[in-house]
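Only one structure is covered here, and it is reproduced in the block below.
The values are calculated or read from the model by the stated rules, or taken from the named source; none is laboratory data. Keep in mind that this is a model prediction, so the values were computed, not measured. Note that each Cβ is placed from the backbone with ideal geometry, even for glycine, and that neighbours are counted across all protein chains shown.
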Amino acid sequence: MKFTIDEFRRWESKKVTLLGMSGVGKTYLSTLLRDSEWFHYSGDYRIGTRYLDEPIMDMIKQQAMQVPFLKELLRNDWISIKNNIKVHDLGPVLSYVGKLGNPELGGVELEDFIQRQALYREGEIAAMHDVPRFINKAQDIYGYQHFVNDVGGSLCELDDPKVIDTLAQHTLILYIQVTDKEEENKLIERAQSAPKPLYYRAEFLQEQLELYLKENDLQYAAQMLPDEFTRWVFPRLFHSRIPRYEAIAKPHGYTVTSQEVSQVKNQHDFLQLLETAIARS
């Protein structure tokens, strides 16, 4: 959605999609706004609880069945296992998506990793198509006046125009841009030390995998140290996404910086920031 400032001020039930890399402040803003009549829709939470719940549970049960004591309990339905994902703790999704590399060191083999990546992509697309329905549910069932869509950092990787069209039709898209080199380095370091689930476009993954194997004189992905590859590839992923975010924001939304977001302390600050973005677009 596009607005003049007057149109934005008259928009009684505001609906905003926050776009940007993990760590730029999307969940920070969403959590802050939740106390001011904003419904917080987390794309990753929706993926984990709806679209990847069964694969996550199958993975956990498969591991549990390797333990004779747990195997008997599970096969007799004497115990149950639950996916206890939280908005601020995506551990089950992170465990399922995994890290590419040596399985003996906690990595995921390439064929399995590619399959999990495809399921994650399907889940993210479906979760974004759910946004209009959740906008209605937020108002009609839960009584929230406003709606904030906290999307995953990989939204720009989906290459699905229908997703962007849906979000642009129903929400104001706000891209949070990292412009400061020091801030960029902090974000990369944070993502490497406390990773979130990562989706790689198939072409990007293949290109970077070939380069990493060549640089490290390895023959195949199962020889890689999972954490080392993740740390190596993330800065490249970060920079590859910037033009993709901009390609969404320029025609469909507005742009602010992560420094501006860090100054937001309440709903009033957030609305002022949106007006600033509209005014300079």
Qualifying residue in region 93-108 (condition: out of contact with any Phe, Trp or Tyr (no Cβ under 6 Å at 6 or more places or on another chain), among the basic types (Lys, Arg), surrounded by 12 or more Cβ atoms within 10 Å (Cβ to Cβ) and free of Cβ contacts under 8 Å to residues at least 60 places away in the same chain): no
Unmet requirement for Leu119, which otherwise passes all of (1) over 18 Å from Leu205 (Cα atoms); (2) surrounded by fewer than 20 Cβ atoms within 10 Å (Cβ to Cβ): (1)
Residue match in region 156-166 (condition: buried (at least 18 other Cβ atoms within 10 Å of the Cβ), outside any loop (DSSP other than H, G, I, E, B) and out of contact with any His (no Cβ under 8 Å at 6 or more places or on another chain)): yes
Selected residue (only one of Ala221, Ala191 is of a type in the set (A, V, I, L, M), surrounded by 13 or more Cβ atoms within 10 Å (Cβ to Cβ) and in contact with a strand residue (DSSP E or B) (Cβ under 9 Å, 6 or more places away or on another chain)): Ala221
Boolean, Gln66 is closer than 30 Å to Gln223 by Cα, surrounded by fewer than 18 Cβ atoms within 10 Å (Cβ to Cβ) and polar (S, T, N, Q): yes
Residues of region 189-217 that turn out to be at pLDDT below 80, of a type in the set (A, V, I, L, M) and under 17 Å from Ser240 (Cα atoms), as a count: 1
Residue in region 35-44 that is in contact with a Gly (Cβ under 6 Å, 6 or more places away or on another chain), buried (at least 19 other Cβ atoms within 10 Å of the Cβ) and closer than 22 Å to Asp112 by Cα present: yes
Pairs, first touching a residue at least 12 places away in the same chain (Cβ under 8 Å) in region 49-60, second acidic (Asp, Glu) and part of a helix (DSSP H, G or I), C-beta under 9 Å, six or more apart: Tyr51/Glu122; Tyr51/Glu124
Filtered residues of region 256-281 (kept if without any contact (Cβ under 8 Å) to a residue 24 or more places away in the chain and among the polar types (S, T, N, Q)): Gln263, Gln272, Thr276
Failed condition for Gln219, given (1) in contact with a Leu (Cβ under 9 Å, 6 or more places away or on another chain); (2) touching a residue at least 12 places away in the same chain (Cβ under 8 Å): (2)
